[in-house]
Structure formats: C-alpha cells, structure tokens
Amino acid sequence: MVSHRLVAAWGLLAVALAMVLAGCSDEQRTGDSGCTPGSPGCPDLVEDDARLRRDLEEEDTGDLVATDAEDLRDLAEIGDLEDADLPRGGSLVPDPASLYLIHPGPAGVVEQVILVHNQTDREVLFQSAEVLSATTGFTLRDAPLNAVRQPGQSIGFTLRFQAPDDLDALAEVALHHDFEDQPLIIPVTVAHKATGNACIGVNPTSLNFGTVVRGEPSVSRSFTISNCGDAPISVLRLDRGRIFGFLSTPDSFQWTPSLPLPIALSVGQTATVEVVYTAGRAGSESGIINVISNVEGSQSISVNLSARAEPPPLSELDLHLVLTWDANHSDVDFHFYPQSSEIFSCDDCYFANMTPDWGTQGDILDDPFLDYDNVTGYGPENINVDELGDGSYLIAVHYYSDVGSDGGSSDPGVSPTAANATVQVYLGGVLTSTYGPQLLDSTDYTWFVARLDWPAGTLTDLGTVTRINRSDYTWCRDFF
Ligand SMILES: [Ca+2]
Ligand SMILES: [Ca+2]
C-alpha cells in the first residue's frame with residue numbers, strides 16, 4: 001500500500017525544495033550575510049551534491065512531489081536529518097513562518113497576508129486565530145472560524161497593525177486547529193529601521209553540543225551578538241527557527257540572553273546568549289535560533305544548533321529492547337506499552353510518540369524512549385528505559401508498510417514483501433530472551449511478542465500474530 005505519511009512528506013519536501021533552490025532556508029534568506037555554511041538547507045547542501053542540485057534544477061518542484069524518492073533521502077542525509085526527524089503525518093506550514101514589518105509611524109497602517117498550508121495527510125479544522133501581544137493596534141481580517149481545509153489546501157488571512165505610538169511592537173499570531181493540541185504560533189515583529197551604517201553579527205554562527213548522554217546534566221554553549229556598525233541597534237527577539245521551513249527547533253534546546261529583550265546595543269557593544277541542550281531522547285537533533293533585529297537586510301540572522309543524544313550504557317538500563325527484520329523496502333515498527341493501555345495510544349512508545357511521559361511527570365528516567373524509526377528495512381529500532389516503574393507491559397511489533405515508507409510511492413517496481421522480525425530483550429544489560437524470527441506476511445500484521453512483569457523481570461511469551469485494522473485504534477497523534 002502507499003504510505004500515507006510519505007504522501008505528506010512529499011508535500012513538505014516541495015516546500016523544502018523551493019527553499020533549497022533559492023539557496024537557503026526561509027529564515028536564513030532574510031539576512032544580508034546570507035546562508036551560514038554548514039547550516040541545513042544552505043550552500044553545503046547545494047554545492048556538496050551535484051547530483052541533487054542537477055535533479056532539482058531539472059525538475060519542476062511540483063512534479064517532484066511524486067517523482068523522486070531519492071531526493072528526500074538525500075535531503076535528509078545531507079541536511080543531517082534522520083528518518084525520525086521527518087514528520088510522519090505531516091505538519092501545518094505557515095507562509096511566512098514569521099512576520100517582520102517596518103514600523104509605519106504613529107497612526108500609520110501596515111498589513112501582511114498570512115497563508116497556512118495544510119501539508120498533513122488529513123482534513124484539518126481551523127477553529128480560530130488570535131493575536132497575542134502586550135501592544136495594542138494588531139487586528140486580524142478574515143481570520144478563520146471553524147474552516148476546514150483538505151490536504152494540499154491553504155487558508156489565508158490578513159494581519160493589520162495600526163501604530164498606536166512610535167514604539168517597536170512584538171506579537172504572536174496563534175492559530176488554533178484540530179491537528180495538534182498546541183496552536184500554530186507565527187511570531188510578529190514591527191520595528192523601526194536602524195539608522196546609519198547599521199550592522200549586526202553573531203559569533204559563532206553554529207553551536208555543536210557534541211554527544212550528550214540522556215539523563216546526564218545539560219550542556220551549555222554560548223554565542224555573542226555584536227553591534228559592528230556605526231549606529232545603535234536593537235535585538236528584538238530570539239525566535240525558535242524552523243529547519244527547512246517546517247521542522248520546529250525542539251524544546252531540548254533552550255536559550256537565555258545576558259540582557260533582557262529587546263536589547264539595545266550601542267556601537268561596538270555585545271550581548272551573550274547562553275544555549276543549553278538537554279538530551280531527552282536518542283539520536284541527532286538540530287535547530288535554529290533566529291536573531292531578529294532592526295538592522296535592515298540582516299533583520300533575521302541564524303545560529304545553527306546540533307547535538308547527538310545517546311542512551312546511557314547498557315548496564316545502566318533496566319530495559320533495552322531491540323527489533324530487527326530481514327526485508328528491504330519494508331517498514332516495521334516497535335511498540336511498548338503498559339498492559340492496561342493500548343497499542344498506538346499516548347501511553348505507547350512508538351514512532352508517533354517516541355518519549356511518552358510515564359510514572360512521575362517531568363522525570364525522564366522512568367520513561368521509555370524509542371531511539372530511531374527505521375522506515376526502509378532491517379532496523380534496528382531500540383526502546384530503552386532507565387528505571388522502569390512497577391507493572392506489566394506488552395512488547396508488540398506492527399508491520400506498517402510492506403513496501404517501505406520511502407520506496408512504495410516513488411518506485412512502483414518495489415513489490416510488497418513479507419518480513420521476518422526478531423526481538424531481543426535485555427534486562428539490566430543482560431540478554432535475557434530472544435523472540436522470532438516471526439513471519440509478518442504483509443502490512444498491518446501485528447505480532448504481540450511478550451508480556452514483561454516488572455520488577456520481577458518475568459517474561460511471558462505471547463506469540464500472537466494477527467492482522468489488525470490500524471484505523472480501529474486511537475492514535476496518539478490523530479493523523480491516520
Ligand atoms: Ca519503523
Ligand atoms: Ca516520567
């Protein structure tokens with residue numbers, strides 16, 4: 001079958017590729033310093049891969065949505081994204097992702113159209129929109145009110161600002177919808193242009209936090225913002241950027257400036273921003289901080305963030321589960337959940353819910369975490385728990401797609417294939433049981449592997465294989 005999440009990913013890819021063809025991501029395109037070498041979507045991506053560039057230039061980006069599977073994979077690899085970073089189920093993509101408006105002067109009016117594209121794979125209800133700001137003067141025209149948009153469709157409305165005074169103004173447009181619990185936030189900045197030969201710089205332009213073990217203390221790095229011109233400037237905000245325009249910078253990155261925002265920088269003055277990374281999962285993570293100022297041509301300059309989170313050593317884990325399978329072009333998924341709960345629910349640790357908060361809320365040590373969602377074949381997918389809470393848990397394996405999630409749509413030559421899955425269970429770092437190989441005949445075959453009773457460490461073989469209808473279940477993110 002054709003993967004639903006892949007269809008959504010192609011739509012997202014079209015947006016990303018439009019940015020790649022322009023040379024850099026939306027946020028980065030705004031600065032006069034241009035792209036930062038090495039940042040996702042910037043010159044390294046285009047220059048380091050002649051084949052990808054040629055492919056992209058030869059193709060219409062609209063056609064590419066359905067024609068070139070390899071480009072998504074290339075984009076992911078070159079942009080240092082992993083399978084797990086690519087949204088499954090898609091996302092809502094605002095255009096622009098943030099608004100920067102030049103102050104119109106007292107009583108002056110400025111307007112900006114905002115489009116939000118439904119790049120998910122399901123119908124989305126846009127319930128309402130509002131402006132959040134400490135400043136008066138912002139209004140919305142044609143704001144959505146219980147409006148429905150199908151996948152691929154967009155919704156548009158207009159932000160209007162009538163300046164009540166001569167001060168810079170900040171706001172957020174919050175768009176409420178039924179795709180996620182959280183509203184879509186679009187930052188808004190209204191600023192006076194700095195005068196003279198204004199200049200702003202950041203140093204360094206990228207921060208690498210190295211390898212950080214989950215559960216160990218956070219790692220700090222810092223960058224400076226400097227006034228490199230001959231006129232005073234203002235740093236108005238530090239925005240959480242979007243990679244390729246649609247992947248939000250994860251909350252595992254947090255930052256604090258040395259001075260409260262907005263920061264007025266006199267000639268030659270600098271401010272420091274401390275950035276902290278806390279490993280909450282396993283795998284590589286990346287992000288972007290957009291430094292928004294009143295320097296025309298450099299109103300948004302980027303600092304790129306990267307880190308690699310690792311699980312603790314095996315001997316320190318109460319539980320380590322390993323899933324592998326033997327078929328190429330196949331997507332098998334790991335599931336681990338309390339017996340009192342249900343597969344695909346928000347208690348289930350799986351690709352759509354990689355780090356559920358079990359036990360003590362906010363404490364990650366008693367949570368399971370899936371390190372990687374392999375969608376093409378073989379695995380391994382690993383689920384770990386540092387300190388498993390008392391209870392009974394189920395280990396399950398679901399055959400998500402028997403043509404893989406990067407091969408089915410793009411390569412009609414790929415035939416559906418059965419897969420033989422194997423599960424290994426390590427308790428306290430010791431291989432305790434191996435299950436399988438178990439034949440999974442085709443998509444939606446589900447293997448209920450074993451029940452684990454903890455802290456006894458008792459494993460009970462279930463050995464049930466049944467074909468389920470995934471739509472019968474309530475998914476943690478309701479996107480299927
Ligand atoms: Ca998988
Ligand atoms: Ca917890």
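The values are calculated or read from the model by the stated rules, or taken from the named source; none is laboratory data. From a predicted model like this one, the values you see are computed outputs, not experimental measurements. Here Cβ is always computed from backbone atoms with ideal geometry, including for glycine, and neighbour counts include all displayed protein chains.
Inside segment 229-247, can you point out the residues that are closer than 21 Å to Thr195 by Cα and assigned to a strand (DSSP E or B)? Within segment 229-247, Ile233, Ser234, Val235, Leu236, Arg237 qualify. Looking only at segment 340-362, which residues are away from ligand 1 (no atom under 16 Å from the Cβ), on the phi > 0 side of the Ramachandran plot and out of contact with any Asp or Glu (no Cβ under 7 Å at 6 or more places or on another chain)? Of everything in segment 340-362, just one residue is away from ligand 1 (no atom under 16 Å from the Cβ), on the phi > 0 side of the Ramachandran plot and out of contact with any Asp or Glu (no Cβ under 7 Å at 6 or more places or on another chain), namely Gly362. Determine, yes or no, whether Asp367 is within 9 Å of ligand 2 (Cβ to nearest atom) and crowded, with 23+ Cβ neighbours inside 10 Å. Judged against the criteria, Asp367 is a match.
Looking at Leu323, Leu370, which is the one that is modelled with pLDDT under 95 and not assigned by TED's automatic domain parsing to the domain that holds Gly280?
On the way: Leu323 fails: modelled with pLDDT under 95.
On inspection, the qualifying residue turns out to be Leu370.
Working carefully through the options Pro164, Pro96, Pro104, find the one that is touching a Ser or Thr at 6+ places or on another chain (Cβ under 7 Å) and not acidic (Asp, Glu).
Values: Pro96 fails: touching a Ser or Thr at 6+ places or on another chain (Cβ under 7 Å); Pro104 fails: touching a Ser or Thr at 6+ places or on another chain (Cβ under 7 Å).
After ruling out the rest, the residue left standing is Pro164.
Give segment 148-159 a look and list any residue that's surrounded by fewer than 17 Cβ atoms within 10 Å (Cβ to Cβ) and on the phi < 0 side of the Ramachandran plot, or say none. Outline the logic, then answer.
Within segment 148-159, the subset surrounded by fewer than 17 Cβ atoms within 10 Å (Cβ to Cβ) is 148, 150, 152-154, 156, 158.
Val148, Gln150, Gln153, Ser154, Gly156, Thr158 - these are the residues of segment 148-159 that are surrounded by fewer than 17 Cβ atoms within 10 Å (Cβ to Cβ) and on the phi < 0 side of the Ramachandran plot.
Under the condition of being surrounded by fewer than 20 Cβ atoms within 10 Å (Cβ to Cβ) and of a type in the set (D, E, K, R), the residues counted in segment 241-265 number 1. Residues in segment 332-371 that are part of a strand (DSSP E or B) and of a type outside the set (D, E, K, R): how many? Number satisfying all stated conditions: 12. Kindly list, by first and then second residue, each pair from a residue in segment 326-339 that is at positive phi to a residue that is surrounded by fewer than 23 Cβ atoms within 10 Å (Cβ to Cβ) and in a strand (DSSP E or B), limited to pairs with Cβ atoms under 8 Å and residues at least 6 apart or on different chains. Pairs that qualify, where the first residue is at positive phi and the partner is surrounded by fewer than 23 Cβ atoms within 10 Å (Cβ to Cβ) and in a strand (DSSP E or B), are His329/Gly377.
Where residues in segment 160-174 are touching a Leu at 6+ places or on another chain (Cβ under 8 Å) and of a type in the set (A, V, I, L, M), which of them is surrounded by the fewest Cβ atoms within 10 Å (Cβ to Cβ)?
Taking segment 160-174 as the starting set, the residues that turn out to be touching a Leu at 6+ places or on another chain (Cβ under 8 Å) are 160-161, 168, 170-174.
Keeping just the survivors that are of a type in the set (A, V, I, L, M) gives 170-171, 173-174.
Working: Leu170: 19, Ala171: 21, Val173: 26, Ala174: 15.
Among residues in segment 160-174 that are touching a Leu at 6+ places or on another chain (Cβ under 8 Å) and of a type in the set (A, V, I, L, M), the one surrounded by the fewest Cβ atoms within 10 Å (Cβ to Cβ) is Ala174.
Considering only segment 451-459, I want to know if a residue exists there that is touching a strand residue (DSSP E or B) at 6+ places or on another chain (Cβ under 8 Å), within 30 Å of Phe179 (Cα to Cα) and within 16 Å of ligand 2 (Cβ to nearest atom). No, segment 451-459 has no match at all.
Restricting attention to segment 266-306, the residues being of a type in the set (A, V, I, L, M, F, W, C) and either surrounded by fewer than 24 Cβ atoms within 10 Å (Cβ to Cβ) or outside any strand (DSSP E or B) (or both) number 9.
Restricting attention to segment 138-147, the residues that are buried (at least 18 other Cβ atoms within 10 Å of the Cβ) and not in a strand (DSSP E or B) total 2. Against the list (1) at pLDDT 95 or above; (2) out of contact with any Gly (no Cβ under 6 Å at 6 or more places or on another chain), the condition Gln162 fails is (2).
Ser330 meets each of the listed conditions (1) within 25 Å of the chain's Cα centre (by Cα); (2) within 27 Å of Gly428 (Cα to Cα) apart from (2).
Any chance segment 372-381 includes a residue that's part of a strand (DSSP E or B), closer than 28 Å to Tyr473 by Cβ, within 11 Å of ligand 1 (Cβ to nearest atom) and in contact (Cβ under 8 Å) with a residue 40 or more places away in the chain? Among the residues of segment 372-381, at least one is part of a strand (DSSP E or B), closer than 28 Å to Tyr473 by Cβ, within 11 Å of ligand 1 (Cβ to nearest atom) and in contact (Cβ under 8 Å) with a residue 40 or more places away in the chain, which makes the answer yes.
When you check Leu238 against the structure, is it at pLDDT 95 or above, surrounded by 16 or more Cβ atoms within 10 Å (Cβ to Cβ) and not β-branched (Val, Ile, Thr), yes or no? Write out each step before concluding.
Values: at pLDDT 95 or above: yes; surrounded by 16 or more Cβ atoms within 10 Å (Cβ to Cβ): yes; not β-branched (Val, Ile, Thr): yes.
Criteria met by Leu238.
Scan Pro257, Pro217 and give me the residue that is free of Cβ contacts under 8 Å to residues at least 12 places away in the same chain and not β-branched (Val, Ile, Thr).
Details: Pro257 fails: free of Cβ contacts under 8 Å to residues at least 12 places away in the same chain.
None of the other options fit; the residue is Pro217.
Of all the listed residues (Leu462, Leu440, Leu370, Leu431), the sole one being in contact with a strand residue (DSSP E or B) (Cβ under 7 Å, 6 or more places away or on another chain) and under 17 Å from Ser341 (Cα atoms) is Leu462.
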